[in-house]
Amino acid sequence: MNPTLPTTALELRSLVRADGTLQISLETVPVPTPGPDDVLIQMQAAPINPSDIGLLLGPADLSTVQVAGSAERPVATARIPERAMPGMAARVGQSMAVGNEGSGLVVAAGASPAAQALLGRTVAVIGGAMYTQYRAMPAAQCLVLQPGTTAAEGASCFVNPLTALGMVETMKREGHTALVHTAAASNLGQMLNKLCGKDGIALVNIVRKPEQAALLRSIGAQYVCDSSSPTFMAELTDALVATGATLAFDATGGGTLAGQILQCMEAAINRTAKEYSRYGSAVHKQVYLYGHLDTRPTEIQRTFGMAWGVGGWLLFPFLNKIGPAATQALRERVAAELKTTFASGYARTVSLAGALGADAIAFYGPRNTGAKVLIDPSL
């Protein structure tokens with residue numbers, strides 16, 4: 001270990017107890033020693049993504065959050081509803097590290113030339129346990145940020161950018177020509193708008209509030225439909241007629257929205273149909289659920305024939321499916337357009353301890369638009 005480096009560090013952990021309590025705390029852990037092909041990264045930026053919140057907070061009732069301990073070592077607790085505990089059985093008693101992705105400075109490296117070449121460089125990484133002061137990672141898994149790019153700018157260069165690119169790549173591979181995206185005013189949704197605009201792909205955005213629709217239109221979105229509008233179904237159908245979109249990615253997951261999208265897709269196709277079929281149109285319509293913002297059951301009312309599908313979509317299984325070469329091509333595009341197409345914004349930056357404050361949890365916990373938080377473990 002480099003003598004200028006500490007021997008221990010702090011790491012954020014999430015624990016579900018058998019009594020139905022969620023505990024989030026900072027634990028003291030050894031600073032890892034990098035192996036021959038590894039590097040040690042002083043973490044300087046790690047975003048709190050919706051996928052991170054799923055592990056960090058689980059199904060806890062945020063109205064029950066209490067914070068004890070000191071300002072430097074707070075301990076946050078919350079109650080988990082009894083009905084949700086069966087789904088937490090595999091987690092009970094396990095103190096779990098959190099944080100899918102992040103960025104920081106390489107401060108130590110193994111003996112291999114590839115690892116040594118990264119010393120002093122700012123890199124972005126993905127691999128879990130990023131809410132920590134020091135993280136060891138294989139050098140081959142590090143994305144070296146271009147000169148002049150800060151750790152904060154590179155912190156979110158995996159999950160959202162690769163998800164946006166993965167949606168477009170799925171569209172192409174499955175023979176669709178346009179997209180529908182829900183929860184579209186999110187950080188990811190805004191990024192997808194920039195990507196589709198750059199690549200000339202028609203995108204239909206679905207939001208839940210008028211102010212979200214206004215936000216998207218202000219950045220150039222052409223097709224925006226507000227699900228709270230009394231004319232939502234008609235507006236969505238018109239947008240689908242204009243774009244020909246037959247593929248949707250739904251972040252809400254629960255409720256009736258997926259079924260409504262399929263219904264409007266069928267209605268849009270039938271506007272130009274030359275023949276009636278009692279089995280519905282032969283054009284395949286697909287909705288992928290990739291989030292669960294709405295915790296209700298998914299409700300599908302079959303009013304759209306037989307050529308349709310609803311399934312799950314996750315980034316990492318998709319990347320495994322397309323293989324290393326195709327994945328690397330996507331990563332290289334992210335690196336090249338990190339300050340433009342794939343730029344991320346944050347409402348707040350907090351320390352590891354700050355992420356456990358009651359006000360911080362109340363801010364990022366509900367996953368509201370404009371409430372994305374960045375953790376800087378070096379603070």
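Okay, here's what the table says:
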| quantity | calculated |
| --- | --- |
| Largest-first principal axis extents of the Cα set of the chain (Å) | 77, 48, 36 |
| Bridge type composition, the chain - antiparallel percent by DSSP, nearest 5 | 60 |
| For the chain: relative contact order, % (alpha-carbon pairs under 8 angstrom, 6 or more apart) | 18 |
| Hydrodynamic radius of the range 11-54 per Kirkwood, over alpha carbon pairs, in Å | 13.5 |
| Packing rank of 165-174, 47-56, 183-192, where each peptide gets the mean count of other beta carbons within 10 Å, highest leading | 183-192, 47-56, 165-174 |
| For the chain, accessible area per residue (1.4 Å probe, heavy atoms of protein chains only), Å² | 44 |
| Theoretical gain in end-to-end length, A68 to V92 [0.36 nm per residue, Cα-Cα removed] | 6.5 nm |
| Taking the C-alpha atoms of the range 246-379, convex hull volume expressed per residue in Å³ | 174 |
| On Cα atoms only, tilt of 159-173 relative to the major axis of the chain in degrees | 40 |
| Sulfur and carbon atoms: percent of accessible area, the range 1-91 [1.4 Å] | 54 |
| Nearby aspartates and glutamates by direct alpha-carbon distance to K172 (threshold 18 angstrom, same-chain neighbours under 8 apart not counted) | D199, D250 |
| Packing-based ranking, highest mean first, of 352-364, 69-81 given that Cβ atoms within 10 Å are counted | 352-364, 69-81 |
| Net charge contributed by nearby residues that have their C-beta within less than 11 Å of R348 (K/R +1, D/E -1) | -1 |
| ³J(HN,Hα), Karplus 6.51/-1.76/1.60, whole Hz, each residue of the range 233-249, x for Gly, Pro | 4, 5, 5, 5, 4, 4, 5, 6, 4, 5, 9, x, 5, 10, 10, 10, 10 |
| Helix 187-199 axis, angle to the chain major axis (alpha carbon atoms, nearest 10°) | 60 |
| Of all accessible heavy-atom area on the range 154-204, the percent that carbon and sulfur account for (1.4 Å) | 46 |
| Amide proton proximity set for V204, modelled H, under 5 Å, gap of 5+ | L179, V180, H181 |
| 10 Å-binned pair-distance histogram of the range 319-379 (Cα, whole percent) | 20, 31, 28, 21, 1 |
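The values are calculated or read from the model by the stated rules, or taken from the named source; none is laboratory data. This one's a predicted model, so the numbers in the text were calculated from it and none came from an experiment. Cβ atoms come from the backbone with ideal geometry, glycine included; neighbour counts cover every protein chain shown. For accessibility, only protein heavy atoms count, side chains too; no ligands or nucleic acids. Shrake-Rupley method; radii C 1.70, N 1.55, O 1.52, S 1.80 Å.
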